[in-house]
Every structure is written in C-alpha cells, then in structure tokens.
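Asker: Can you read through this structure? Questions will come right after.
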Amino acid sequence: MKKMRLIFCIACLMSLLLVASSVSAEVLPIERDGADIIIKGDGKNADVSKRVALTLLDKNGSPVYFDSAAVEADGSYQFKISLKATESEESYSVLIDGVIETTVSPLTRTQIFNVLNGTSKEDWLSMLKEYQNALKLDMPNSFSELRSTGVDLFTTLISQADISDESAFMTELNLCSAIAAVSQANTGTVVEKLVELADELDIDADELTSLSSKEQRAFAETFTLLEINKKQDFYDNFEDALNSAEGSDKGEDSGGGSGGGSSGGGKVSLIASVPKNKEPINALETPIAAKTFKDLDKAAWAQESIEKLYKMGIVSGRGDGTFDPNASVKREEFVKMIVSSFALTSDAAISFKDVAPNAWYADYIKAAYGTGVISGMSEEYFGVGYEITREDCAAICYRILKAKNIAVEVSELSYADSDAIAPYAKEAVAAMSSLEILNGVGDDMFAPDSTCTRAMAAKIIASLLAYK
C-alpha cells in the first residue's frame, strides 16, 4: 500500500512538472490596482490549448485564492485578483501551475493614498472606512461629529483634494472635516465652532472673539446662509460675513433694509387674497374638521390653540397623526402662518437670492415683505431654512397690530435678559408682553435668541387673532 501511494505521488508531481513546463519559468510582474492584484505572464513556449492555473497562498502556506486563465495565442495570460482592504495588508505567494513564481507584498500606504486620490465622491467615504485600519488613521474629532449634511459636504470637498502623500492627506482630512463640521452649525453655535476649529481651518480666531455680541450674531446670520461647494467658498464666506458684521448693531428683522426688494412702488393691502397657485390663505373661509393630534400632551398648554389653527387650515400635522409641537419653526413657515391668518397680500417685487420664484413659500414671503410685516436677514437673503427666534416673532406680530392701527400700551421691559433683546425688537417684545401674546420663559427671562417652537407659534398666532 505504501508503495502504491508513493507511485501515485510521483505521478502527480510529474504531471505538475509537465504542466508547469508549458509556461516558461520567470519572475512574473505584478501590478496593483488599488487592493486588486494584476499578474501577467508571457510564456513564449506556452501551449495555447491549455489553461494556466493560479493559486494564492497566505503567509502560513494556506491557499486563499484559486483561478485559471486561458493562454492567448502569443502565450500570454493575465489574472486580476480582488482583495479586501484587510487582505491587502498581507503578503502572498503566487503559484502558477503549482510552481511558486513570485510574491505579493502588502499594499503600501502610498499606494493606498493613490487609491483614495482616484476615488469618486460617491465612493470616497466607503473607501476611507475600508482602508482606515490599514492606514492606522487617527481621525479628527470633527469627523466623528458629522451628520448627513456634513458628511455630504466632507465627501464633496475631499474628493476634490490632492492627497498623493500622507502629509497632504492628513492636512486635507482635518481641513475638510472642520469645514463640514462648521457647515452644520446653526447661528447660535457657528461662532463657537469656528473658534474651536480655528487652527484646522487656518483662520484667526481673534477676528471673531473681538466682535461684540451683536456683531457676532450678524456674522452668524450671514455665514450660515452662504453655500459651500468647495474649500475656497468657506474662506470667501468667512470674509464676507466678517465684513457684513463689523459695526453691525441691528437684528435680522429690523425692517429698515430693503431686503432685496422694493415695497415703495408696490400696492400694499391687508385684505383677503389668494396667492397665485396656492391654497386659499383666508383660512376662515375654508374650515377643516377639528382633529386631536396624538402628541399634544407634550405641549398641553398650547393644545387649544393648535386645534383652533388646524380647524382654520393655518397649521397641519406631520402626516403620521402627530403635530410635533416642540420642533422649531423656520422663518418661511412662520411667514406662511402669519399670511394665512391675516390674509396678507402685496404685488411688491422681491429679489432675495434664497427665494426661488417657484418655491412654495415665495408668494407668502412676497405678501409679508410687501406689507412691511417682515424683512430679510440681509439685503440679499431672506433667511430660508433659518429657525425663527422669539424676538423676531414679537417684531412680526407687533407690525401686524400696527398695520391694523391697533394701539398698544408699551411698558418698560423688566426681564432679567432685557439687554440681550435686539434694539429693533425691544418695543415689540414690550408690547407683546403687555398683551400677554408672547410672555417670558420663566426665571424672569425672555430668551430673545431662543427659537420658536411649533406649539409656541400656534399659541402666539391664536392669541394675535383675537385682534383681527
């Protein structure tokens, strides 16, 4: 039996040697295509009627890959082996028809950076995660803070970068992460985030910390409205926001600016009207059946107001039976509620850069702006997408009352944070407080910069409607 086994082994070995002789022994060249390995052979004496077998052995001599390829007419053949990022860190032996022809070295850091440098925006993040361990990267804290919008901007920016070596890569990784982290900050946090990441962003933090609180707010309001599509946009926006903030001491709804449009030449009225291609804004003429939302227990103090405005068609739910009372209200959303409640209309022209003519809120903003109820955050931007503050709600409501010639006795402000209220809103806050339309938040505080929630907005407008 032992003799028979020996004869069988010798026969197998001979067949392997015969097959191996079909391809000339040579040190095969290896090309890298990312983690993939491309092995080419040029066996001049190869038998074109045969196939060439390839086996990949790991460092322990265990086979991890097997394939075969046809020999071309000129005797050449080619294999492309796809490896995972973790596998590309290992070394392998390459057997062609059972004979070790060459070895595969681990993918170098430079080769990995070259892979990343040629990666499209769509695949960049997944490739970074795949090679993170191989590169032994210490990812910046700002990267871990990114949410969906920040991640999108990060991939856009870094896919534009040149990361041909490790030093350049780490510089770009830190910079792009920092810019993306700043982009997702709101007006209340963006200055603090910029100061925190000043070194990564290569900006002078003193330019921000030296601003007054009002100037910092003006900076934040401008900066958060500007788009970033490439790294230079960030630096241009930073300078533009600084220039607009220096010496600024007025709030976003001061009512003194042109706001990108002209109301002087337009016809202004406070009569019922329907914006073109919009649902009727005189909600009192189109009542809707009352409905109780299942989450109003989160703001029981505003339930009556919410249900009243829902019945009037001024507010609506989220579509899943909830009202989401504690969610913040955006500027354009509050404007729609005001315009719908008081049937405002105007044919004044507006030219805010962030208000597209066909946007759902365009006619509402036009009506509110034309009647002088609201202005833009700057000459060029209305502030679409920006959460409206309590002091701005007060200012808008006060202008509604003045437009209706309703006299309001304004008493002196006595809130502990009265000094924090913007000059343009002080009289409005005092008036709304006197009428108990918009009160403090407790602890003798008004919190002028806090955002207005959906429940707050409903309560404010329902109270204001008593003066319609």
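Asker: Collect the residues in segment 375-394 that are closer than 21 Å to residue 223 by Cα and either out of contact with any Gly (no Cβ under 8 Å at 6 or more places or on another chain) or outside the structural domain of residue 462 (by TED's automatic domain parsing) (or both), keeping them in residue-number order.
Answerer: Step one: list which residues in segment 375-394 are closer than 21 Å to residue 223 by Cα, which gives 375-392.
Across segment 375-394, the qualifying residues are 384, 385, 386, 387, 388, 389, 390.
Asker: A follow-up question, please. Any idea which of 167, 126 is hydroxyl-bearing (Ser, Thr, Tyr), at pLDDT below 75 and in a helix (DSSP H, G or I)? Show your work before the answer.
Answerer: Working: 167 fails: at pLDDT below 75.
Just one listed residue meets the conditions, 126.
Asker: Just give me the residues in segment 357-399 being closer than 14 Å to residue 428 by Cβ, of a type outside the set (Ser, Thr, Tyr) and either modelled with pLDDT of 90 or more or surrounded by fewer than 21 Cβ atoms within 10 Å (Cβ to Cβ) (or both), in sequence order. Full working, then the answer.
Answerer: Going residue by residue through segment 357-399, those that are closer than 14 Å to residue 428 by Cβ are 372-375, 388-399.
The next check asks that each one be of a type outside the set (Ser, Thr, Tyr); those that pass are 372-374, 388, 390-397, 399.
Of everything in segment 357-399, those that are closer than 14 Å to residue 428 by Cβ, of a type outside the set (Ser, Thr, Tyr) and either modelled with pLDDT of 90 or more or surrounded by fewer than 21 Cβ atoms within 10 Å (Cβ to Cβ) (or both) turn out to be 372, 373, 388, 390, 391, 392, 393, 394, 395, 396, 397, 399.
Asker: In segment 394-444, what count of residues is obtained for those that are hydroxyl-bearing (Ser, Thr, Tyr) and assigned to a helix (DSSP H, G or I)? So that I can check it myself, show each step before the final result.
Answerer: Here is the first cut: in segment 394-444, the residues hydroxyl-bearing (Ser, Thr, Tyr) are 398, 411, 414-415, 418, 424, 433-434.
Within this subset, residues satisfying the condition of being assigned to a helix (DSSP H, G or I) are 398, 418, 424, 433-434.
Residues that pass the stated criteria total 5.
Asker: Give me the pairs: first residue in segment 343-360 and within 14 Å of residue 330 (Cβ to Cβ), second residue loosely packed, with under 14 Cβ neighbours inside 10 Å, beta-carbon distance under 8 Å, and six or more apart or on different chains, which are they?
Answerer: Within 8 Å, the pairs are 354/385.
Asker: If we keep just the residues of segment 309-351 that are more than 28 Å from the chain's Cα centre (by Cα) and within 23 Å of residue 441 (Cα to Cα), which is surrounded by the most Cβ atoms within 10 Å (Cβ to Cβ)? Explain how you work it out, then say what you get.
Answerer: Narrowing segment 309-351 to residues more than 28 Å from the chain's Cα centre (by Cα): 309-314, 338-349.
Restricting the remaining residues to those that are within 23 Å of residue 441 (Cα to Cα) gives 309, 338.
Working: 309: 23, 338: 26.
It comes out as 338.
Asker: Would you tally the residues in segment 442-457 being touching a residue at least 24 places away in the same chain (Cβ under 8 Å) and more than 17 Å from residue 334 (Cβ to Cβ)? Even if it seems obvious, please write down each step before you answer.
Answerer: The initial filter retains those residues of segment 442-457 that are touching a residue at least 24 places away in the same chain (Cβ under 8 Å), namely 443-457.
Applying the additional criterion that residues be more than 17 Å from residue 334 (Cβ to Cβ) yields 443-446.
So the count comes out to 4.
Asker: Scan segment 196-214 and give yes if some residue there is within 17 Å of the chain's Cα centre (by Cα) and not charged (D, E, K, R), otherwise no. Can you show your working first?
Answerer: Filtering segment 196-214 down to residues within 17 Å of the chain's Cα centre (by Cα) leaves none.
So far as segment 196-214 goes, no, none of its residues is within 17 Å of the chain's Cα centre (by Cα) and not charged (D, E, K, R).
Asker: Please verify whether residue 80 is surrounded by fewer than 16 Cβ atoms within 10 Å (Cβ to Cβ), under 26 Å from residue 166 (Cβ atoms) and modelled with pLDDT of 75 or more, treating the condition exactly as stated. Steps first, answer last, please.
Answerer: Numbers: surrounded by fewer than 16 Cβ atoms within 10 Å (Cβ to Cβ): yes; under 26 Å from residue 166 (Cβ atoms): no; modelled with pLDDT of 75 or more: yes.
When the stated conditions are applied, residue 80 does not pass them.
Asker: Hey, among the residues in segment 227-250 that are at pLDDT 85 or above and aliphatic (A, V, I, L, M), which one's surrounded by the most Cβ atoms within 10 Å (Cβ to Cβ)?
Answerer: Applying the filter and picking the extreme gives 241.
Asker: Continuing with the same structure: Do we have any residue at all in segment 417-432 that's of a type outside the set (A, V, I, L, M, F, W, C), in contact (Cβ under 8 Å) with a residue 60 or more places away in the chain and either under 30 Å from residue 298 (Cα atoms) or surrounded by 24 or more Cβ atoms within 10 Å (Cβ to Cβ) (or both)? Show your work before the answer.
Answerer: In the first step, residues of segment 417-432 are kept if they are of a type outside the set (A, V, I, L, M, F, W, C); the result is 417-419, 423-424, 426-427.
Next, from what is left, pick out any that are in contact (Cβ under 8 Å) with a residue 60 or more places away in the chain: 423-424.
Now restrict to residues that are either under 30 Å from residue 298 (Cα atoms) or surrounded by 24 or more Cβ atoms within 10 Å (Cβ to Cβ) (or both): none.
No, the conditions are met nowhere in segment 417-432.
Asker: Using the structure shown, decide if residue 368 is more than 23 Å from residue 303 (Cα to Cα) and without any contact (Cβ under 8 Å) to a residue 24 or more places away in the chain.
Answerer: No: the conditions fail for residue 368.
Asker: Find the residue count for segment 199-220, including only residues that are assigned to a helix (DSSP H, G or I) and farther than 23 Å from residue 142 by Cβ.
Answerer: Counting residues in segment 199-220 that are assigned to a helix (DSSP H, G or I) and farther than 23 Å from residue 142 by Cβ gives 5.
The values are calculated or read from the model by the stated rules, or taken from the named source; none is laboratory data. Remember, predicted model here, so these are calculated numbers, not experimental data. For neighbour counting, all protein chains shown are included, and Cβ atoms are generated from backbone atoms with ideal geometry for every residue, glycine included.
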